[in-house]
Amino acid sequence: MDGQQGGRNAFENSSADNVVQAGTVNGGVHVNSTPPPLANLTPQAAAAQLVAMRTGEAADALAAFPYRTALLTVLLADHEATTIGLLGDMELAVARDLVDALPSPPDWLGGLLTASEGFGNAALGPARNKVRRAAPSPQGSTGFSRDYDKGRAYWSADTLFQTVVHPFLREHDRRGGTGGELGFPVGERAWNCTDDTPGGLFYQRFEGGVIYESSPPRVVRDPDLALFDRFGFPTGDETGLGTFFADQVKGTFQPFERGTAYWVDNVALVREGDSSVLFGVRAT
């Protein structure tokens, strides 16, 4: 009797995180070390178990947890990247209910739900990973991305939902992705031609410039296509001026079909024939 009472008190005084089940098997004591149900755990302990689950199981467990608002708060604080992927794969209505129940949800959560809805319509084949944060761009945009078999989808409040496929994606990644000089995509792949290139080229616009699908791909820091409108397609890469100017002057140049653009101290000068005229300021 005393032993039974002592055993009962021991279980009653245990935290839910450490509960084990005991019984008698063939005259001996059998201990079941299976983790207790998520509902029996504190939000902190439940969060630690949930992040190790498969996505579908984790989503169901989060939705069924009796204190799911407290659990989501812990997940956001301690496991943000996992939580972004989890909410991104949930049914949108369920994820929105969870977020709306938070007393003070961070602003970016609304953007995540908007991004996830757009990503669900991406015509890029099966997803290869979870929704994740994209690196902030030099232009100040923040958002999310997701990889697929045929490319990558991006979303930010400033640039909305866009997709990038190869070879644009490869060149974009090579230049630092959204955290590099090009930033987020601002349009889908498009096509144009000139008198010098009647067969045309595909191109894609980004916050900090344009990638042209030439061989090799060319990048122009001309997000509004003003240089293209004036000079056509680039015929070379942007290159340092080197000894063309005094050492203390920093500048670059880039050749185009119908002229050359020079950038000195962020001011763009263009040469048409033998003259040089001020043409504007390059985006930084």
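Return the total of residues in the stretch 162-202 being in contact with a Gly (Cβ under 6 Å, 6 or more places away or on another chain), crowded, with 19+ Cβ neighbours inside 10 Å and not polar (S, T, N, Q).
4
Kindly provide the set of residues from the stretch 195-240 that are more than 22 Å from residue 263 (Cβ to Cβ) and assigned to a loop (DSSP other than H, G, I, E, B), ordered by number.
Residues of the stretch 195-240 more than 22 Å from residue 263 (Cβ to Cβ): 195-202, 213, 215.
Those that are more than 22 Å from residue 263 (Cβ to Cβ) and assigned to a loop (DSSP other than H, G, I, E, B): 195, 196, 197, 198, 199, 200, 213, 215.
Find the residue count for the stretch 76-89, including only residues that are closer than 17 Å to residue 46 by Cβ and either at pLDDT below 90 or not hydroxyl-bearing (Ser, Thr, Tyr) (or both).
The qualifying residues number 7.
Check the stretch 112-122 and report whether any residue there is over 19 Å from residue 74 (Cβ atoms) and acidic (Asp, Glu). Give the steps one after another, and end with the answer.
Looking only at the stretch 112-122, we keep the residues that are over 19 Å from residue 74 (Cβ atoms), and these are 113-122.
Narrowing the set further to residues that are acidic (Asp, Glu) leaves 117.
Yes, the stretch 112-122 contains at least one residue that is over 19 Å from residue 74 (Cβ atoms) and acidic (Asp, Glu).
Any idea how many residues of the stretch 166-184 are within 18 Å of residue 238 (Cβ to Cβ), in a helix (DSSP H, G or I) and touching a residue at least 12 places away in the same chain (Cβ under 8 Å)?
3
Condition first: touching an Asp or Glu at 6+ places or on another chain (Cβ under 9 Å) and in a helix (DSSP H, G or I). Can you find one or more residues in the stretch 78-86 that meet it? Full working, then the answer.
Start the filter on the stretch 78-86 by keeping residues that are touching an Asp or Glu at 6+ places or on another chain (Cβ under 9 Å), which leaves none.
No, that holds for no residue.
The values are calculated or read from the model by the stated rules, or taken from the named source; none is laboratory data. Remember, predicted model here, so these are calculated numbers, not experimental data. Because the Cβ atoms are built from the backbone with ideal geometry, glycine has one as well, and the counts that use them run over all protein chains shown.
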